[in-house]
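Notes to accompany the following structure.
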Amino acid sequence: MRRCLAEKSAEQLQEIERHKLNAMNAFAETQTCRRLLLLNYFGENQQQPCGNCDIFLDPPKRYDGLIDAQKVLSCIYRTGQRFGIGYIVDILRGENHQRIREFDHDKLPVYGLGKEQNHEHWVSVCRELIHMGLVNQNIAHFSALQLTEAARPILRGEVPLQLAFARILSKKSRNQQNKNYQGHYDKKLFAKLRQLRKVIANEENIPPFVVFNDATLIEMAERCPVGSNELLLINGVGQRKLARFGEAFMTLIRDHLADFE
C-alpha cells in the first residue's frame, strides 16, 4: 500500500491516503475498544467501551498510565500542536536530529522525558490517547496531533487513567527478547509445553499459535508459573486464554516441577 501511495502524483492526495493507511494500521494494532475507536475516528467521541469486541474478550494488561499520558499531552501542547506521532515520540525519547534542533525543541522540558521507554511504547500511548478521544489527528495538516477538551483534566491530573501495555514489538525488540531467553529456560519443560499445545490445537481444530506462540511458551519455561496470577504476567496470556487453556498448562508445569522435588 505504501509503494502504491508513492506512485501517486498529487502530494496532498498522498498525505490523505497515508493518513488513512496509518489509521487502518492503528485500528489493527489497537488495545482500545474497537467500537470506541471507530466512533472517535468519525467524530462521535465517547468513553464507554462496547463490552463485545475482541479487546474486551481478551483484554490487554493495563497500568496506571496517567504520567505517560501527561508526558505525551504536554509534549503535543509545548510543540504547538503542529507535529505527528513520530516527531512527538522522538522528542520524548530525546532523539538528536536536525529537525528537533532547528525548532529548539531539544530545549523543551519534555525533551528526553521518556527515554527510558522504547519507540513502540510511546507510539502505543499516542495511539491509545487518540482512540480515547483525548487527541485528534488533523488530516489537513500532516496528521498533526491536537488536544481535545477531554485532555484538560488528564493534564491537570484530576482523573485517573489506565493505559494498556504495548503488545506490538518491533522485529529488533522481538529478536532481543528471544536472545534474553536463550539458554535461560527449561528446554525439557518447553518441549512438554509445545507437545501440550499441539494436543490442544488438534482437539480444538485450531492452529497451534492460536493457543500460545513459542515466545509465550519459552517465557513459561523460564518463569514456571503455577498460579493464575503468575500466568497472567506472561506475555501473550490474557483473561480469555487463561480461562480457556490456563489450567492445562499450569498442571503440566506443576507436574514437571514435582519430578524434581
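Brief remarks on what is shown
- Relative exposure of THR79, THR30, THR251, THR148, judged by other C-beta atoms within 10 Å (fewest first): THR251, THR148, THR79, THR30
- Loop GluC sites (Glu not before Pro), the range 92-150 (other Cβ atoms within 10 Å of the site Cβ: 10 or fewer; DSSP): GLU116
- Prolate/oblate/rounded call for the range 175-258, Cα gyration tensor, a/c under 1.5 rounded: rounded
- Mean-square fluctuations from a GNM of the chain, with a 10 angstrom spring cutoff on Cα atoms, peak among ALA215, ALA144, ALA166 at ALA215.
- Measuring gaps between exposed loop sites in the chain (chymotrypsin sites (Phe, Trp or Tyr not before Pro); DSSP loop; at most 10 other Cβ atoms within 10 Å), the longest gap, sites not included, is 43-259.
- When you work out D = kT/(6 pi eta Rh) for the chain at 4 °C and 1.567 mPa s, using the Kirkwood radius from C-alpha pairs as Rh and the Stokes-Einstein form, the result is 62 µm²/s.
- Karplus-derived HN-Hα couplings along the range 75-85 (A = 6.51, B = -1.76, C = 1.60, θ = phi - 60°), whole Hz, x at Gly and Pro: 5, 4, 5, 6, 8, x, 6, 10, 10, x, 4
- Across LYS71/LYS107; LYS20/LYS115; LYS20/LYS61; LYS187/LYS241; LYS198/LYS241; LYS61/LYS188, pairs whose alpha-carbon gap is larger than 26 Å: LYS20/LYS115; LYS20/LYS61; LYS61/LYS188
FYI, it's all coordinate maths here, none of it is from the lab. Everything numeric in this text was worked out from a predicted model, so none of it was measured. In this analysis, Cβ positions are derived from the backbone assuming ideal geometry, glycine residues included, and neighbour counts consider all displayed protein chains.
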